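Reading through the structure tokens given below for one structure.
Coordinate-derived values only; no laboratory data. Because the structure is predicted, anything quoted here is derived from the model rather than measured. In this analysis, Cβ positions are derived from the backbone assuming ideal geometry, glycine residues included, and neighbour counts consider all displayed protein chains.
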Number of protein chains: 2
Amino acid sequence: MIKVTIIGSGNVAQHLIAAFLKSSEIEICQVFSRNKESISHLVDRSKITDNYDSLSESDIYIIAVSDSAIAEVSSKLPFKNRFVVHTSGSVPLEELDSKNKRGVFYPLQTFTKNKEVDFSTIPTCLESEIDDDYTILENLAEAINSRHYLISSSQRKSLHVAAVFVNNFTNHLYQIGAAICDEHQLPFEILKPLIAETAQKVQSLSPLEAQTGPAKRHDQNTIDSHLALLTDQTQKEIYKILTQSIQHSHVKKL
Amino acid sequence: MIKVTIIGSGNVAQHLIAAFLKSSEIEICQVFSRNKESISHLVDRSKITDNYDSLSESDIYIIAVSDSAIAEVSSKLPFKNRFVVHTSGSVPLEELDSKNKRGVFYPLQTFTKNKEVDFSTIPTCLESEIDDDYTILENLAEAINSRHYLISSSQRKSLHVAAVFVNNFTNHLYQIGAAICDEHQLPFEILKPLIAETAQKVQSLSPLEAQTGPAKRHDQNTIDSHLALLTDQTQKEIYKILTQSIQHSHVKKL
């Protein structure tokens, strides 16, 4: 049985709590939250505390708060030499207060409020200062059926940048697609199957193999007519730079 | 029974043939192909011709060739006043020779060679000069269970631009993600669940609602550290312009 204390009650904290509750190998000892209401639907009130001094002993303390609050929260913990981890993609392990043994438990996924996630499809990136603690992280990941990877702080930072490209920026391209549809009285739903298939393709093909379109074909007529059609200057610039980048990366690989 | 003749034997032609063969309401009369071998696994050789003059009568002739060949192929057809359509997203109806009645049957999807597609998940964009012919297009789309939309040539061109953003450009962002992983000894597979979920999210949320990340949060510390980490100048430029575009579009909507 892995005894876990969660510090935080936001989006990531709630998804972790929901996943941990389903595992017979994990015991949630306590949840620290300034706002008991926000998680009382998940955890019995007797287990929720808003007082650092009343935190009880557990195998691992998971700080699931906003990136900018991690350092401060870790320094407020009233104990030493226990195992304390954060869940952030972009914060190095060293930002945790060194009075405790430190680690990272970073689930690489985009969490939507109120939408349950299946951790068996979510990779977790693990890191710890001490080997023994790494075993706790592995056991925790396995208890929620998550595929796990040993990822250093510097690798995790790069991974976070890659995630921004494939998640945040990709979603913004969907938004540009939706804006173009709006402008021309087209329903955005017409693009949804294409969006789904585009993501599906790279589950088995490499993105380089999966690439199609006028940029890859060097179809300058189509490219020019698309640029002429775009009225928004930023959309035009994005079209140009991504077209160049596609053509450049396919030349490099030839 | 809708009698169909297909002109072409490439990727789109083959996917259409495979879908039509499954429908009890469609009869493939003939397939025109210069290369009989390329489709002999799909269609009986007696139905394949490489001679325009031997094309028999049917309800609809579907020209599924590269965009740049559509005009020429349509002008070579040795008959008049029959219903001839193309399957392209970016070519206007008017590029078809006016000696025949013209239309468009554009399935909005990215087709992968040798990967079967389910047309019940693919929207088709329909257009015709004459109302009676539109009924043929509707019947054809319904015979393969495809959701269909009346889309004008000018709308279709805009839709094609939107498709380039959500398909070609999105795939390129996946490729940048893969390149960053490569550079830092990270397996690309670690990003695949995130890619799948990002596409999944906008099936029910609008892209504007689904947007997350440092750009949207105006988290300049993270943005700066990401830019410092990127070594490729083009990747840096793409990161900058997409970050600005996210911030600009969220300001506009507030």
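Diffusion coefficient (Stokes-Einstein, Kirkwood radius over C-alpha pairs, 4 °C, 1.567 mPa s) for the protein assembly as shown: 51 µm²/s, rounded to a whole number. Among B:ARG45, B:ARG217, the order by Cβ neighbours within 10 angstrom, fewest to most, reads B:ARG45, B:ARG217. Across chain A, the longest piece that holds none of the GluC sites (Glu not before Pro) lying in DSSP loops with up to 12 other C-beta atoms within 10 Å covers A:117-254. Amide H contacts of A:ILE26 (H built 1.01 Å from N, in plane; Pro and chain starts excluded): A:ILE2 sit under 5 Å, all sequence-distant by 5 or more or on other chains. Counting only Cα atoms, the size of segment A:156-253 along its three principal axes is 40, 29, 25 Å, in decreasing order.
Mind pulling the angle between the C-alpha long axis of helix A:153-163 and the longest principal axis of chain A? Nearest 10 degrees, somewhere in 0 to 90. That helix lies at roughly 40 degrees to the long axis. For the pair B:THR135 and B:GLU183 in one chain, pulling the backbone fully straight at 0.36 nm per residue adds 11.9 nm over the alpha carbon distance. With both residues required to sit in segment B:95-167, DSSP beta bridges show an antiparallel share near 60%.
About the centre of its Cα atoms, segment B:96-146 shows a dipole size close to 320 debye [charges on the beta carbon of Lys, Arg (+1) and Asp, Glu (-1) only; nearest 20 debye]. In terms of surrounding Cβ atoms within a 10 Å radius of their Cβ, A:THR110, B:THR198, A:THR170, B:THR231 rank from fewest to most as B:THR231, A:THR110, B:THR198, A:THR170. For the pair A:THR121 and A:SER75, label points projected 7 Å from Cα toward Cβ lie 4.1 nm apart.
With its label point put 7 Å out from Cα toward Cβ, B:SER204 sits 2.6 nm from the same residue's point in the other copies, in order from shortest.
Give B:LYS216/B:LYS236; B:LYS76/B:LYS115; B:LYS47/B:LYS99; B:LYS157/B:LYS201; A:LYS101/B:LYS236 a once-over and call out the pairs whose C-alpha atoms are over 28 Å from each other.
Going by Cα-Cα distance, B:LYS76/B:LYS115; A:LYS101/B:LYS236 fall outside the 28 Å limit.
With its label point defined 7 Å out from Cα along the Cα-to-Cβ axis, B:SER66 lies at 5.3 nm from the matching points of the other copies, in increasing order.
Note on chain B: the alpha carbon radius of gyration divided by the globular reference 2.2 N^0.38 Å gives 1.24. In order along segment B:86-101, the Karplus-derived 3J(HN,Hα) couplings, from 6.51 cos²θ - 1.76 cosθ + 1.60 at θ = phi - 60°, round to 10, 10, 9, x, 10, 9, x, 3, 5, 6, 6, 4, 6, 5, 10, 6 Hz, and Gly and Pro are given as x. Inter-part distance, segment A:1-60 to segment B:187-242, computed on C-alpha centroids, equals 29 Å.
If you take all other residues with their beta carbon under 13 Å from the beta carbon of A:PHE32, and give Lys and Arg +1 and Asp and Glu -1, the sum is +2. Label-point spacing at B:LYS36 relative to the other copies reads 8.3 nm, in ascending order, each point sitting 7 Å out from Cα along Cα→Cβ.
Computed from point charges on the beta carbon alone (+1 for Lys and Arg, -1 for Asp and Glu), the dipole magnitude for chain A about its Cα centre is near 320 Debye. For segment B:2-151, the antiparallel share of DSSP beta bridges with both residues in that region comes to about 20%.
Copy B relates to copy A by a rotation, and the B residue whose beta-carbon is nearest that axis, with the distance in whole angstrom, is B:ALA199, 2.
Of B:ILE7, B:SER146, B:VAL43, whose Cα points farthest to the positive end of the dipole of segment B:1-146 (charges on the beta-carbon: +1 Lys, Arg; -1 Asp, Glu; origin at the Cα centre)? Farthest towards the positive end: B:VAL43.
Shown for B:SER158, B:SER206: other C-beta atoms within 10 Å of each C-beta, ranked fewest to most, produce the order B:SER206, B:SER158. Quick check on chain B: of the DSSP beta bridges with both residues there, what percent are antiparallel, nearest 5%? Bridges in chain B are about 20 percent antiparallel.
Just how large is the dipole of the protein assembly as shown about the Cα centre, in debye to the nearest 20, putting +1 at every Lys and Arg Cβ and -1 at every Asp and Glu Cβ?
400 debye
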